[in-house]
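The values are calculated or read from the model by the stated rules, or taken from the named source; none is laboratory data. Being a predicted model, the structure only gives us computed values, none of them experimental. Glycine gets a Cβ as well: all are built from the backbone with ideal geometry, and neighbour counts include every protein chain shown. Heavy atoms of the whole protein, side chains included, go into the accessibility calculation; ligands, DNA and RNA do not. Shrake-Rupley method; radii C 1.70, N 1.55, O 1.52, S 1.80 Å.
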Amino acid sequence: MPGPLRAVLIALGALAIIALGLYGPATLLGPLPRVSVQAVDPGAQAAGSVSVELPEAGASAVVVVDPDSPETAAESVTLAEAGLEEAVPFAGVAKLVLALTVLEAQPLAAGEPGPDVPITPADYEAYLDYRDAGARTVPTSPGDTWTMRDMLRAVLLGSSNNHADGLARWAFGSVDGYTIAGNAWLAEHGLADSVVVDATGLSDENMGTAADAARLGAYVAVEPALVDILATADERTFGERTIPDVSAHLESDGVRGLSRSFTNQAGLCFVFLTTFGQGDDVRMLSGAFLRMPDYETLDPAVTTAIEELRVVDEEVTVIAEGDTYAILTAPWGDRAEGVAASDRTQPAWNDASGEPEVVVEPFSTGSPGDQVGSVTVPTADGDVTTALELDAAITDPGPIWRLTHPSLMLDAFFAG
């Protein structure tokens, strides 16, 4: 055999030995190709859209309060709206804007009296003027000193017009200074359809939508200082002054009134909170009924809405344990399903209408019950998620399959 040819054959043989030496370990000991994933949708489990009857008269709305996200109360889920959609005069609801704006400028811890607020001659004159006009007041005297907490109690519980003006002047220097701050607060907190022109709500130019008014209630529900005032309305601490609770209404029906007022243009306006459930499952709702013609319309409307909300508060299954959300197939033919590891429920009002999002971590083999990813279903009140687990085994295909599928095995080897 000529020398050059012999050298070539030796080189080729060496390369073949090296290739076989790499191929064997790569196929027999290397990683397997990953399973393929086909997402499937077993069908939404939740009930359909919520049906809550609200009156066609005036304007009304009910929203869900998220106690874990006070900064996004304006994004609260709206359960129902009815009547006028545009902004309307909302009377004493304006005092909720005042309380929230003051607390942002002058924070107050729950249960604390806060700084002293002197009653000025202008405050006393305002008391006399409002009293003589038949508007709501809480008595004051020249030279009195009230705590900030008592001022807020008088505004929130007593709907006191003289205290609203006094609190605005104390916190912002003037009522005009307050209205600038109040409207800025509304805009910054996503309530751009509302406007305030005074601290009391007596002007018919104080306006807002029912949805904004309900969301104001949601902001009150997550403000610790105001929550504490509402929870202790019948108690007096730190020598607190006696304040009538005129905002309370329909308490026997599970309602905590936040604002209840009337003007000729605004009609009856009522903002309230109510809760459903117990323990960790308590849910809070905020409702607003504006421009109601009379209590004969308002009261049945509120109680009917609450009764219907209790029905749609029942939990429904959004993700059912064992439902299949993914078909997992190995290149060698093994097949398993990715099934929901546990039930996930939500109140019926959340209506799970979004497409499930399936995430499966890359893998090649697994045993029944192994968690391989997750499924997430969007609802109106946030995402609902549970783990995905295998319902059957995906096993190693063995040496023969490995050796007879070089391209798949080498791809897996070099992919790591």
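What to note about this one:
- Search result, residues across the stretch 334-348 that are open to solvent by 20 Å² or more (accessible area, probe 1.4 Å) and touching a residue at least 60 places away in the same chain (Cβ under 8 Å): D334, Q346
- For the stretch 203-252, a tally of residues being of a type outside the set (A, V, I, L, M, F, W, C), open to solvent by 60 Å² or more (accessible area, probe 1.4 Å) and part of a helix (DSSP H, G or I) returns 3.
- Conditions (1) open to solvent by 40 Å² or more (accessible area, probe 1.4 Å); (2) more than 17 Å from L103 (Cα to Cα); (3) without any contact (Cβ under 8 Å) to a residue 60 or more places away in the chain; (4) of a type in the set (D, E): number failed by D123: (1)
- Unique match (being part of a loop (DSSP other than H, G, I, E, B) and not basic (K, R)) among D198, D150: D198
- Count of the stretch 157-189 residues, restricted to those that are within 24 Å of R256 (Cα to Cα) and either in contact with a Lys or Arg (Cβ under 7 Å, 6 or more places away or on another chain) or not in a helix (DSSP H, G or I) (or both), is 7.
- Strands (runs of 3 or more DSSP E) fully within the stretch 271-385 counting 3 or more residues that are modelled with pLDDT of 90 or more: 283-292, 324-329, 335-340, 357-360, 371-379
- The residue of the stretch 253-298 that is surrounded by the most Cβ atoms within 10 Å (Cβ to Cβ), among those that are β-branched (V, I, T) and in contact with a helix residue (DSSP H, G or I) (Cβ under 8 Å, 6 or more places away or on another chain), is V271.
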